[in-house]
Amino acid sequence: MTLSRPRRRSVLQAAAALAAAGAAPAAAAAAQTTSPPARSGEFDFLSGEWRIAHRRMKSPGDWDVFEGEATCWSILGGVAHVEELRIPARDFSGMGLRTLDAANGVWLDYWMNAKVGVPGSAGTPGRFVEGVGNFDTPDTEDGQPVIYRGCWDQITASSCRWRQGVSRDGGTTWDWGWIMEWTRVA
């Protein structure tokens with residue numbers, strides 16, 4: 001994929017702002033340290049044009065189903081990756097930025113909604129282990145500890161899956177509330 005110079009410049013400026021605004025050394029240090037360190041190029045599988053089938057849980061057994069698309073590319077020799085997500089039927093777009101924190105051996109995953117224009121939070125740390133990328137955020141829900149997870153799995157040359165879930169038992173089980181099935185277009 002080739003971007004025009006002005007568009008590429010604006011995307012790279014937004015990516016730099018996300019990384020600067022969300023530098024998360026504490027979160028990176030809190031990431032799992034027992035797995036091999038993250039390395040450049042691990043998000044290269046996502047580069048290209050995609051169609052995405054979304055399923056987002058509204059309530060148990062009731063799913064909101066909708067379509068989306070994305071354009072993704074690696075930059076800086078694979079130490080950063082940009083995702084432009086679009087959901088035309090919902091007038092929604094956003095940008096994901098993944099940057100490699102080589103010092104801490106983790107990826108940091110940032111998200112920005114185009115209507116807000118600023119990162120939603122500090123980067124979520126994660127790693128790929130045996131072809132599965134898990135990005136965890138510890139939090140509390142109703143006063144109880146929970147873990148929120150973004151998971152990249154089922155990665156092939158023409159497809160992949162991203163899921164978002166929550167664990168209320170320390171990571172033993174997961175309730176997946178959003179599933180995105182990606183199919184490569186180009």
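When you count the other C-beta atoms within 10 angstrom of each residue and take the mean per peptide, 62-74, 116-128, 99-111 line up highest first as 99-111, 116-128, 62-74. How are the alpha carbon pair distances in region 25-178 distributed across 5 Å bins from zero to the largest one, expressed in percent? Distribution as computed: 2, 9, 16, 22, 23, 16, 10, 3, 0 percent. CYS160 sits among other residues whose Cβ lies under 11 Å from its own Cβ, and their net charge, with Lys and Arg +1 and Asp and Glu -1, is +1. When each of the peptides 171-177, 36-42 is scored by how many other beta carbons lie within 10 Å of its residues on average, the order from highest to lowest is 36-42, 171-177. Shown for region 90-186 is the translational diffusion coefficient from the Stokes-Einstein equation, using the Kirkwood radius over Cα pairs, a temperature of 25 °C and a viscosity of 0.890 mPa s: 165 µm²/s.
Charge tally around GLY61: other residues with Cβ under 15 Å, Lys/Arg +1 each, Asp/Glu -1 each, net 0. Element breakdown for region 53-186 at a 1.4 angstrom probe: carbon and sulfur atoms account for 53% of the accessible area.
Excluding ligands, DNA and RNA, the accessible surface per residue across region 72-139 is 44 Å² with a 1.4 Å probe.
The values are calculated or read from the model by the stated rules, or taken from the named source; none is laboratory data. All figures in this text were calculated on a predicted structure; none of them were measured in a lab. Positions of Cβ are backbone-derived with ideal geometry, glycine not excepted, and every protein chain shown enters the neighbour counts. The area values use the complete protein model at the heavy-atom level, side chains included, leaving out ligands, DNA and RNA. Shrake-Rupley method; radii C 1.70, N 1.55, O 1.52, S 1.80 Å.
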